[in-house]
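Have a look at the structure below before the remarks.
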Amino acid sequence: MYYISSITDTLRVPPDRFDQNLSSILLDLARDSLEGKIFPELGYIVSVMEAEEIGKGKLIPQDGGAFYPCNFKVLSYKPERGEIVEGKVNDITSFGIFIQVSTIQPLCHISQVGNDHFRYDDSANRLIGKDTGATVDVGEMVRGRIIVVGVQKKAIRVGITMRQAGLGTQAWIDEWKESLIEKRQE
């Protein structure tokens, strides 16, 4: 899920930038130091949007720069258990599929791909269902539910399932919708 939050940081403005607009400098420095980083409480920082409040700068002896405390508005992505996500299948392996969802690549383990026993077809680089013949291919859009989230300093690890009704490839979702319509008509 995406969040807009405020984050406070103290940034060092180098002396060669003293003649520039302070707000712009701090925004540039914050983008360089925060974007693409992971914080357990915020998730992945997608963008530093603006510098909201700038405190008084401080000088430290033996350092030519000035240090400014500042509040920044940031856009972050933090996956939540139970969240429904959609993404593109980036890679298929013998143990599951990796899906590009926002800034992360969750794994859908082969046991969680669908209500069938899927096997990996190495020659076609796809998963094929034993009983249904359903397939999953690289480049295909899929929908899944997040079941496991682990936020660490350098990575966000996410596991998803596509075994529930209304999840999986678009073809699976369309079949599920048709079965609902048929049940209502009976």
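The values are calculated or read from the model by the stated rules, or taken from the named source; none is laboratory data. Everything numeric in this text was worked out from a predicted model, so none of it was measured. We place every Cβ from the backbone using ideal geometry, glycine too, and count neighbours over all the protein chains shown.
Return a yes/no flag: does region 84-99 have any residue that is surrounded by 13 or more Cβ atoms within 10 Å (Cβ to Cβ), at pLDDT below 95, under 14 Å from the mean Cα position of the chain (by Cα) and within 21 Å of ARG157 (Cβ to Cβ). No: region 84-99 contains no residue that is surrounded by 13 or more Cβ atoms within 10 Å (Cβ to Cβ), at pLDDT below 95, under 14 Å from the mean Cα position of the chain (by Cα) and within 21 Å of ARG157 (Cβ to Cβ).
Scanning region 117-151 for residues that are among the small types (Gly, Ala, Ser), under 24 Å from the mean Cα position of the chain (by Cα) and in a loop (DSSP other than H, G, I, E, B) returns a single hit, GLY139.
Out of curiosity, is PRO61 at pLDDT below 95 and either in contact with a Ser or Thr (Cβ under 8 Å, 6 or more places away or on another chain) or outside the structural domain of VAL148 (by TED's automatic domain parsing) (or both)? So PRO61 fits the description; yes.
GLY150 meets the conditions (1) surrounded by 12 or more Cβ atoms within 10 Å (Cβ to Cβ); (2) out of contact with any Ser or Thr (no Cβ under 9 Å at 6 or more places or on another chain); (3) modelled with pLDDT under 95 in every case but one. The failed one is (1).
Scanning region 62-83 for residues that are within 30 Å of ARG17 (Cβ to Cβ) and assigned to a loop (DSSP other than H, G, I, E, B), we see that the one that is farthest from the chain's Cα centre (by Cα) is GLN62. It is to be established whether one or more residues within region 171-185 are among the polar types (S, T, N, Q) and in a loop (DSSP other than H, G, I, E, B). Checking region 171-185: not a single residue is among the polar types (S, T, N, Q) and in a loop (DSSP other than H, G, I, E, B).
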